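The values are calculated or read from the model by the stated rules, or taken from the named source; none is laboratory data. Everything quoted here is computed from the prediction, not taken from an experiment. For neighbour counting, all protein chains shown are included, and Cβ atoms are generated from backbone atoms with ideal geometry for every residue, glycine included. The protein model used for the area step is the full one, side chains on, heavy atoms only, and it has no ligands, DNA or RNA in it. Shrake-Rupley method; radii C 1.70, N 1.55, O 1.52, S 1.80 Å.
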Amino acid sequence: MSEAPATCPGTSAPDAGSASGCAGCPNRATCQSNAAAGPDPDLAAIAERMSSIKRVIVVLSGKGGVGKSTVSTQLAYSLAAPPMNQHVGLLDIDICGPSVPTLTSTQTEEVHQTASGWEPIAVSVPGSDALSPDATGTLAVMSIGHLLPSRDDAVIWRGARKHGMIKQFLRDVNWGVLDTLIIDTPPGTSDEHLSVIQTLQKSGIDGAVIVTTPQEVALADVRKEINFCRRIGVKVVGVVENMSGFVCPECAHVTNIFHPSSGGAQPMCDEFKVPFLGKTFPPGPPCSPGPVTLVNRTRQC
């Protein structure tokens with residue numbers, strides 16, 4: 001599909017394909033056929049399912065490999081653990097590369113179907129017994145990785161089937177009452193992202209957390225992600241700069257993993273007027289001569 005004009009009323013608008021702003025758009029016929037089909041009957045069911053969830057946060061990243069799923073998982077754990085003690089759901093909609101089962105150690109868990117829908121998998125939260133009915137904070141996860149016969153199976157689906165799977169997750173998973181639902185997305189601004197936005201149009205999305213790493217090759221795609229959020233009307237809660245550097249466990253010296261040639265995420269946030277949420281510094285190996293010399297030689301510095 002070609003790029004829509006700036007005057008596009010949106011694919012879900014009642015006059016999609018027939019509005020004056022649609023004149024000359026190469027996608028006009030497709031939008032007219034979608035509008036003629038009428039409203040999606042699943043949207044009301046999804047809105048009802050989402051009505052017991054106080055807030056929905058999507059975690060985005062324009063670039064792959066920046067640690068978006070790790071940030072999603074750590075955010076979920078942090079909200080569920082003391083002192084926040086929230087009831088949290090973590091939904092992984094990265095259909096082709098689900099990481100949440102591995103990050104939550106639930107690879108071997110199975111999803112069970114009940115009269116209320118799919119039951120998400122309960123995860124133990126440090127400092128709070130999430131498997132106990134009287135727990136103060138809870139965490140439940142759902143991913144297509146829990147539905148595959150083998151963790152090594154490849155998911156080779158086109159956009160329409162991905163969209164159907166995401167709708168089924170939002171419609172059929174019995175989350176119960178949640179304080180926060182975190183939706184972990186794949187990189188980019190494509191099928192899965194549009195599916196979530198359109199499917200949750202009745203219940204709404206409360207905001208997006210965008211994850212990047214400090215180097216310019218990642219920031220270039222994050223700028224596009226910010227513009228994507230603005231165009232579709234999703235508030236950017238803020239940007240996290242992940243993997244900003246390794247911290248030596250012995251001397252606390254910080255070594256850059258990626259060179260922030262354009263200054264990292266902070267200047268970009270200032271430019272786009274979005275909140276900068278901070279940096280993460282994973283613990284690294286001790287500053288022994290061998291590894292440091294090897295890194296220095298590799299980076300020519």
Long-range amide H partners of Gly245, meaning residues 5 or more apart or on another chain whose placed amide H is closer than 5 Å, are Ile257
Could you list which residues have their amide H under 5 Å from that of Val236, counting only those 5 or more apart in sequence or on another chain, with H placed in the peptide plane?
Ala208
Can you give me the accessible area per residue for region 200-283, using a 1.4 Å probe, in Å²?
50
Met243 - accessible surface, heavy atoms, 1.4 Å probe, Å² rounded to 10
50
Any idea of Ile156's accessible area? Nearest 10 Å², probe 1.4 Å.
150
Keeping all protein chains in the complex and leaving out DNA, RNA and ligands, what accessible area do you get for Ser150 with a 1.4 Å probe, in Å² to the nearest 10?
40
Of the accessible area of region 96-233, computed with a 1.4 Å probe and all protein chains kept, carbon and sulfur make up a percent value of 48
Measure off 7 Å from each Cα along the Cα-to-Cβ vector at Thr108 and Ile232, then give the distance between these two points in nanometres to one decimal.
3.7
Across Lys54/Lys202; Lys68/Lys167; Lys202/Lys273; Lys63/Lys273; Lys54/Lys224, pairs whose alpha-carbon gap is larger than 24 Å:
Lys202/Lys273; Lys54/Lys224
Quick check: the distance between the Cα centres of region 191-257 and region 36-97, to the nearest angstrom?
14
How long is region 104-249 along each principal axis, judged by its Cα atoms, biggest number first, in Å?
47, 46, 33
With a 1.4 Å probe and all protein chains in place, put Cys269, Cys25 in order of accessible area, largest first.
Cys25, Cys269
Could you state the per residue volume, in Å³, of the convex hull enclosing the Cα atoms of region 39-84?
109
Against the 2.2 N^0.38 Å scaling, with N counting residues, where does region 185-270 land? I'd like the Cα-based Rg ratio to two decimal places.
1.30
